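Asks: Can you keep this structure in mind? I'll have questions shortly.
Nothing in this text is a laboratory measurement; each read-out follows from the coordinates by a stated rule. In this text the structure is predicted, and so the values were computed from the model without any measurement. Every residue, glycine among them, receives a Cβ derived from its backbone with ideal geometry; neighbour counts consider all protein chains shown.
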Amino acid sequence: MVSRVIPVEAFDLVIFGATGDLARRKIVPGLYRRFKAGQLPASARIIGAARTAQDDDGFRAEMRAAIREFLGDGQDESSVAAFLDLLGYVAIDARGSEGWAELKARMRPGVVHAFYFSVAPALFGDIADRLADHGIADQDSRIVVEKPFGRDLQTARALNATLARHFAENQIYRIDHYLGKETVQNLMAVRFANILFEPLWNAQYVDHVQITVAETVGVGGRGEYYDHSGAMRDMVQNHMMQLLCLIAMEPPYHIDSDAVRDEKLKVIRALEPVSADEVVRGQYLAGRDGPGYLDDAENPESRTESFVALKVHVANWRWTGTPFYLRTGKRLRARTSEIVITFKEPPHSLFDDGGSHKANQLVIRLQPDEGMVLTMMIKEPGPGGMRLVQVPLDMSFADALGPEGSDMPDAYERLIMDVIRGNQTLFMRGDEVEAAWAWTDPIIAAWEHGTKRPEPYDPGSSGPEEALRLLHRDNRRWREIRS
Ligand code: NAP
């Protein structure tokens with residue numbers, strides 16, 4: 001199956017923080033891949049901006065090295081050179097006055113203007129003010145802001161207010177790169193483009209839902225940053241909440257950004273509060289192949305969690321009675337992100353199957369090996385009577401879509417193209433972000449004011465024992481974490 005590449009219109013994209021890690025690792029290599037796929041018009045311009053003093057050629061050389069480092073050595077030199085021709089650089093201090101006039105002079109009229117704030121959130125206000133004061137941005141410009149979007153409701157509100165001084169909501173693209181993943185978007189396609197699932201997609205037929213995002217790495221060199229964040233802020237408030245919304249939301253009336261985001265917001269608002277005591281918190285211990293969390297964080301007293309597991313209810317007509325279990329952590333057994341919808345068992349069992357009957361599960365794998373598996377019961381082959389066996393109906397996207405399927409755009413590539421197209425569906429709206437913080441804030445505040453420590457867990461395990469008990473108490477069990 002050949003994926004269609006529809007070129008975007010001409011644009012000037014300014015990347016603030018162009019010398020930083022995110023720009024080198026994701027943004028610029030991603031733009032190069034889109035260029036190579038034929039999606040960037042020859043008239044596209046990408047302007048790097050940061051304090052480092054260098055000229056266009058210096059920046060191009062740095063980006064040539066970044067493309068090689070993150071996409072591999074075997075790049076076609078003529079394509080790289082043609083892409084680098086689109087790049088330029090302006091030295092700018094977000095808090096200073098130099099460079100802004102030059103940036104303004106570089107912006108061309110009549111093309112899309114987008115500004116990617118790939119800098120610390122503390123600089124968002126400075127950049128927004130200067131873009132407005134120098135007349136560089138207008139009411140048609142778009143800005144892209146990175147996570148973390150605040151560290152609680154108060155700071156998220158302040159950040160929203162800062163951006164709102166100069167930009168309307170329909171100009172602000174808050175990135176959650178999880179939403180750019182192919183499978184995440186497929187959640188909407190599977191739910192709303194097939195008649196098969198929708199009649200079953202409710203508390204009457206769904207026993208429970210599990211969402212797992214497991215990493216094998218620890219916090220490593222990001223220890224200091226992570227220690228001020230933790231799994232609840234870093235993963236649950238944004239990525240996992242977004243996944244939960246896509247699973248639980250009502251069909252929007254249209255696949256239009258506000259229609260989709262209205263439905264997601266309703267889910268967040270319908271979440272029942274969860275007491276901090278009911279949430280399992282964990283911290284990984286040292287193992288043979290690496291230090292423990294307290295060593296990585298360089299804070300022997302730290303109570304920041306590297307693992308969280310919780311049960312949450314969506315209190316609405318569709319979902320009352322179906323729990324959603326969320327779990328995420330570092331240094332776990334395997335790197336995997338998946339959503340498991342476990343359906344209820346048939347109301348009456350015809351077969352004397354000796355307890356071998358298992359409920360149908362729809363497993364949606366986000367990474368690695370994006371795809372879906374539907375487990376079904378069938379008759380075990382052979383003459384041994386009517387015994388049942390569970391088999392997977394397996395659809396790996398890479399297999400189903402052929403070579404194109406394994407070369408799908410990375411989340412960042414897709415999201416940046418959506419910015420240029422002016423499509424906000426896969427970006428978080430300000431009220432969504434605030435509602436998510438309003439739900440997580442009391443849990444985090446109770447932890448911070450309490451004295452209880454997170455439960456330690458072994459690296460390479462599935463997390464603390466208490467996380468297993470969370471489901472055992474409900475006569476359920478987690479799907480095993482495996483890659
Ligand atoms: P970084 O490596 O520390 O880069 C920061 C960038 O900001 C550099 O280009 C730096 O360049 C520039 N900068 C710093 N102070 C400046 C100033 N006063 N004026 C103009 N430019 C300034 O950070 P990063 O990892 O790329 O992250 C950028 C943003 O993305 C952060 O908000 C981060 O939370 C978010 N994010 C990053 C990742 C990731 O994987 N890296 C993932 C998700 C979100 P100069 O020193 O040359 O000025």
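Asks: Compute the angle between helix 153-164 and the longest alpha-carbon principal axis of the chain, please, reported from 0 to 90 degrees and rounded to the nearest 10.
Replies: Tilt of helix 153-164: around 40 degrees.
Asks: For region 123-169 and region 432-483, what is the separation of their Cα centres, given in Å?
Replies: Going from one Cα centre to the other spans 33 Å.
Asks: Using every alpha carbon pair in region 348-483, what percent of pairs falls into each 5 Å bin from 0 up to the bin containing the largest distance?
Replies: Histogram of Cα-Cα distances, whole percents per bin: 2, 7, 8, 10, 12, 15, 15, 12, 9, 6, 3, 1, 0.
Asks: Using alpha carbon centroids, what distance separates region 39-109 and region 13-31, in Å?
Replies: Using only Cα atoms, the two centres lie 9 Å from each other.
Asks: Roughly what angle does helix 411-421 make with the longest principal axis of the chain, taking Cα atoms, 0 to 90 degrees, to the nearest 10?
Replies: Roughly 60 degrees between the two axes.
Asks: Here's something else I'd like to know. At q = 0.14, 0.16, 0.19, 0.33 Å⁻¹, what is the base-10 log of I(q)/I(0) for region 301-341 according to the Debye formula with one equal point scatterer per Cα and no solvent? Please give it to two decimals.
Replies: Values returned for q = 0.14, 0.16, 0.19, 0.33 Å⁻¹ are -0.48, -0.58, -0.72, -1.18.
Asks: In Å, what Rg and Dmax follow from the Cα atoms of region 72-199?
Replies: 19.0, 60
Asks: Taking the simple approach of a point 7 Å from Cα along Cα-to-Cβ for both R453 and E169, what is their distance in nm?
Replies: Distance between the two pseudo-spin positions: 4.5 nm.
Asks: I've got another one for you. What area, in nm² and to one decimal, does the C-alpha convex hull of region 149-284 cast on average over all directions?
Replies: Answer in nm², one decimal: 10.9.
Asks: In addition: Can you check what the net charge comes to around M376, using other residues whose Cβ is under 12 Å from the Cβ of M376 (Lys, Arg +1; Asp, Glu -1)?
Replies: Charge balance in the 12 Å sphere: +1.
Asks: Turning to a different aspect of this structure: Any of K266/K358; K147/K311; K311/K452; K26/K266 with alpha carbons more than 27 Å apart? Name them for me.
Replies: K266/K358; K26/K266
Asks: Lys and Arg at +1, Asp and Glu at -1: add these up for the other residues within a Cβ distance under 12 Å of E98 and post the number.
Replies: So the environment of E98 carries a net charge of +1.
Asks: What does the highest-first list of 13-23, 71-81, 144-154, 183-193 look like by mean Cβ count within 10 Å?
Replies: 13-23, 144-154, 183-193, 71-81
Asks: Hey, another quick one. From the helices alone, meaning DSSP H stretches of at least four residues, give me the mean residue ellipticity at 222 nm for the chain, per-run term -39500 (n - 2.57), in deg cm²/dmol to the nearest 500.
Replies: -9000 deg cm²/dmol
Asks: For L471, what is the net charge nearby, where nearby means another residue's Cβ is under 15 Å from its Cβ and Lys, Arg count +1, Asp, Glu -1?
Replies: +1
Asks: Please give the contour-minus-distance gain from D289 to A158: 0.36 nm per residue of separation, less the Cα-Cα distance, rounded to one decimal in nm.
Replies: Length gained, D289 through A158: 43.0 nm.
Asks: How many angstrom lie between the C-alpha centres of region 300-351 and region 177-209?
Replies: So the two Cα centres are separated by 15 Å.
Asks: Based on DSSP, what percent of beta bridges with both residues in the chain are antiparallel, to the nearest 5?
Replies: 55
Asks: Something else: Mind giving me the nanometre distance, one decimal, between the label points for F351 and L71, set 7 Å out from Cα along Cα→Cβ?
Replies: Distance between the two pseudo-spin positions: 5.0 nm.
Asks: With only alpha-carbon atoms in the gyration tensor, what are the semi-axes of the equivalent ellipsoid for the chain, in Å, largest first?
Replies: 41, 27, 22
Asks: While we're looking at this one, here's another question. Measure off 7 Å from each Cα along the Cα-to-Cβ vector at V5 and E98, then give the distance between these two points in nanometres to one decimal.
Replies: 3.9
Asks: If one takes the longest principal axis of the Cα atoms in the chain, at what angle in degrees, from 0 to 90 and to the nearest 10, does the Cα axis of helix 124-133 lie?
Replies: Once rounded, one gets 40 degrees.
Asks: Compute the Rg/Rh shape ratio of region 11-146: radius of gyration over Kirkwood radius, all on alpha-carbon atoms.
Replies: 0.95
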